[in-house]
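**Q** Okay, here's the structure, questions in a sec.
The values are calculated or read from the model by the stated rules, or taken from the named source; none is laboratory data. What you see is a predicted model, and the numbers here were worked out from it, not measured in a lab. Because the Cβ atoms are built from the backbone with ideal geometry, glycine has one as well, and the counts that use them run over all protein chains shown. Accessible surface areas use protein heavy atoms only, side chains included; no ligands, DNA or RNA. Shrake-Rupley method; radii C 1.70, N 1.55, O 1.52, S 1.80 Å.
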Amino acid sequence: MNLKPLDQQVVAVVGATSGIGRATALRLAKEGAKLIISGRSDEKLIPLKQDIQALGGEATTILADVSIFEQVKAIGDRAIEVYGRLDTWVHVPGVVVFALFEQTTPEEFRRVIDVNLMGQAYGAMVALPLIKREGRGALIHISSVEGLRSIPYQSSYSASKHGVEGFLESLRVELMHEKLPIGVTSIKPAVMNTPLWNNAQTKLGFKPRGFPPYYSPELVAEAVVQSATHATRDYYVGDVGRVLAALQRLSPELVDALLLAIGFGFQLSDEPKSPQDPNNVYETVPQESRIDGDFTKWVVPSLSDWLAKTFTEGMRS
């Protein structure tokens, strides 16, 4: 399904102030899209808008906490107010609590669900009628390989990503039934080198880390660009994510054994961190507006992403 070129699109990037969201906003600006960028802090949004303008792009900012439906709706309203339409919605925000399930409080579990799952659902609820008005477009949701396979210490995060996969599958088929040219894409990154590891709340005593290797957030931005112009169902980012998905389909028990062997110690860095240290579960972390995180030395290219891009471009030429 081919969609509008990006230089003819109005795109909302929800959760644009750091990491994947910031990389995506800047990449879309380079492609000529008009942007609505949202986040929880003007302190981060205003410099991002200036960076977009320095690229020759155009962006409108709006504050929003995605756990509050009225604030998500205001993003869509701003797109209509400023540009008169909305073509693509890119939904990024996610928070993480690293803890054993029995250490996670009901309030913490609910907060992760409210941001990561309800926020994604609110985004689709707001964007869908606006995109329908244009006759075609894309809903692009940043999910995770944890939507297919949960891992220890991240029960609430994994549960939220499983929920995202569930409602997107239902919505996708409903739109197919209506014969509407609206893409519904789930982008499933593997371990990305973003500030997520700094922003997470942890009860493990140390700053958390992912399973190496890490991948660049720019790969996710590229996946968004591809999905905004050529609708894609599922978009894995990172070789390891594709391998994990294949192993999970082949033998969940095998993945259980692998995670039992490496899934605990590998998630702990050597840097102490307490539950009271700054994290973004309830409030933004002002100093974290970077795209890349602290694990650049472990970042590797993704051969499968390169092959998928090359094959797709070959099919279109």
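**Q** Read through the list (1) surrounded by fewer than 24 Cβ atoms within 10 Å (Cβ to Cβ); (2) more than 17 Å from the chain's Cα centre (by Cα), then give the number of the only condition that residue 167 fails.
**A** In the conditions (1) surrounded by fewer than 24 Cβ atoms within 10 Å (Cβ to Cβ); (2) more than 17 Å from the chain's Cα centre (by Cα), residue 167 misses (2) alone.
**Q** Do we find that residue 254 is under 20 Å from residue 127 (Cβ atoms) and not polar (S, T, N, Q) in this structure? Don't jump to the end; show me each part of the working.
**A** On the way: under 20 Å from residue 127 (Cβ atoms): no; not polar (S, T, N, Q): yes.
Spelling it out, it is not the case that residue 254 is under 20 Å from residue 127 (Cβ atoms) and not polar (S, T, N, Q).
**Q** A follow-up question, please. Of all residues being surrounded by 14 or more Cβ atoms within 10 Å (Cβ to Cβ) and of a type in the set (D, E, K, R) in the range 276-300, which is nearest to residue 219 (Cα to Cα)? Just the residue, please.
**A** Selected residue: 292.
**Q** Residue check: is residue 131 in contact (Cβ under 8 Å) with a residue 60 or more places away in the chain and farther than 19 Å from residue 68 by Cα? Break it down stepwise before answering.
**A** Working: in contact (Cβ under 8 Å) with a residue 60 or more places away in the chain: no; farther than 19 Å from residue 68 by Cα: yes.
For residue 131, the condition - in contact (Cβ under 8 Å) with a residue 60 or more places away in the chain and farther than 19 Å from residue 68 by Cα - is not met.
**Q** Here are the criteria: (1) open to solvent by 20 Å² or more (accessible area, probe 1.4 Å); (2) under 25 Å from residue 101 (Cβ atoms); (3) of a type in the set (Val, Ile, Thr). Tell me which single one residue 173 does not satisfy.
**A** So residue 173 meets the others, but not (2).
**Q** Which numbered condition in (1) open to solvent by 20 Å² or more (accessible area, probe 1.4 Å); (2) under 24 Å from residue 143 (Cα atoms); (3) out of contact with any Phe, Trp or Tyr (no Cβ under 7 Å at 6 or more places or on another chain); (4) not acidic (Asp, Glu) is the only one that residue 69 fails?
**A** It fails just one condition, (3).
**Q** While we're here: Which residue pairs have Cβ atoms under 9 Å apart, sit 6 or more places apart or on different chains, and have a first residue in the range 107-122 that is farther than 19 Å from residue 89 by Cβ and of a type outside the set (D, E, K, R) and a second that is open to solvent by less than 30 Å² (accessible area, probe 1.4 Å) and assigned to a helix (DSSP H, G or I)?
**A** These pairs meet every condition: 109/156; 112/156; 112/157; 112/160; 113/156; 113/160; 113/163.
**Q** Could you count how many residues in the range 111-127 are closer than 11 Å to residue 159 by Cβ and open to solvent by 10 Å² or more (accessible area, probe 1.4 Å)?
**A** Matching residues across the range 111-127 total 2.
**Q** So, one more: Kindly provide the set of residues from the range 142-171 that are in contact with a His (Cβ under 7 Å, 6 or more places away or on another chain) and under 21 Å from residue 193 (Cβ atoms), ordered by number.
**A** Listed by number, the residues that qualify are 142, 147.
**Q** Which members of the range 190-204 meet the condition of being open to solvent by 20 Å² or more (accessible area, probe 1.4 Å) and over 15 Å from the mean Cα position of the chain (by Cα)?
**A** Passing the criteria: 198, 203, 204.
**Q** Here's another thing I want to ask about it. Among the residues of the range 127-170, how many are farther than 25 Å from residue 74 by Cα and β-branched (Val, Ile, Thr)?
**A** 2
**Q** Take the residues in the range 25-49 that are small (Gly, Ala, Ser) and outside any strand (DSSP E or B), then tell me which one is most open to solvent (accessible area, probe 1.4 Å). Steps first, please.
**A** Step one: list which residues in the range 25-49 are small (Gly, Ala, Ser), which gives 25, 29, 32-33, 38-39, 41.
Those left that are additionally outside any strand (DSSP E or B): 25, 29, 32-33, 41.
Working: 25: 0, 29: 6, 32: 34, 33: 3, 41: 13 Å².
Among them, the one singled out is 32.
**Q** Under 9 Å by Cβ, and 6 or more places apart or on different chains, what pairs join a residue from the range 162-182 that is under 15 Å from residue 146 (Cα atoms) and free of Cβ contacts under 8 Å to residues at least 24 places away in the same chain with one that is surrounded by 11 or more Cβ atoms within 10 Å (Cβ to Cβ) and basic (Lys, Arg)?
**A** Close Cβ pairs satisfying both conditions: 165/188.
**Q** Within the range 85-99, count every residue that is open to solvent by less than 10 Å² (accessible area, probe 1.4 Å) and not aliphatic (A, V, I, L, M).
**A** Taking the range 85-99 first, the residues open to solvent by less than 10 Å² (accessible area, probe 1.4 Å) are 86-91, 95-99.
Filter again for not aliphatic (A, V, I, L, M), leaving 87-89, 91, 98.
Going through the range 85-99 one residue at a time, the tally reaches 5.
**Q** Turning to a different aspect of this structure: Would you mind stating whether residue 4 is surrounded by fewer than 24 Cβ atoms within 10 Å (Cβ to Cβ) and closer than 22 Å to residue 123 by Cα? Before the answer, list the steps.
**A** Numbers: surrounded by fewer than 24 Cβ atoms within 10 Å (Cβ to Cβ): yes; closer than 22 Å to residue 123 by Cα: yes.
In short, yes.
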